[in-house]
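The values are calculated or read from the model by the stated rules, or taken from the named source; none is laboratory data. Being a predicted model, the structure only gives us computed values, none of them experimental. Cβ coordinates were reconstructed from backbone atoms using ideal geometry, including for glycine residues, and neighbour counts include every protein chain displayed.
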């Protein structure tokens with residue numbers, strides 16, 4: 001996949017090098033992110049509006065598995081994204097051997113809202 005490809009649901013995908021560089025800079029400056037992640041190609045970049053149905057899916061997952069670490073991740077994701085209902089965020093997926101990283105980014109505010117990793 002082209003690392004500069006940015007997809008917009010309901011819209012054609014586009015090439016946007018400026019946004020890609022902005023995203024890379026935000027990930028690079030994010031505390032705790034390993035260097036190899038900040039230098040990796042993006043597997044997927046999606047621009048999406050955060051809505052209640054998306055948040056409810058996180059919450060229902062949390063409620064069904066809240067007694068383990070995955071449930072905690074779901075709850076943190078819900079808590080991080082819930083103030084952004086109705087706002088457009090960029091979701092970035094980075095895949096490395098044995099692990100995937102997901103970043104939720106507010107490009108307008110120029111900050112990473114939430115990031116997490118999961119063993120593959």
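Just to be sure, is residue 61 within 21 Å of residue 117 (Cα to Cα) and modelled with pLDDT under 90?
So residue 61 passes the test.
Would you check which residues across region 103-120 are within 17 Å of residue 39 (Cα to Cα) and surrounded by fewer than 18 Cβ atoms within 10 Å (Cβ to Cβ) and list them?
Answer for region 103-120, where residues must be within 17 Å of residue 39 (Cα to Cα) and surrounded by fewer than 18 Cβ atoms within 10 Å (Cβ to Cβ): 116, 117.
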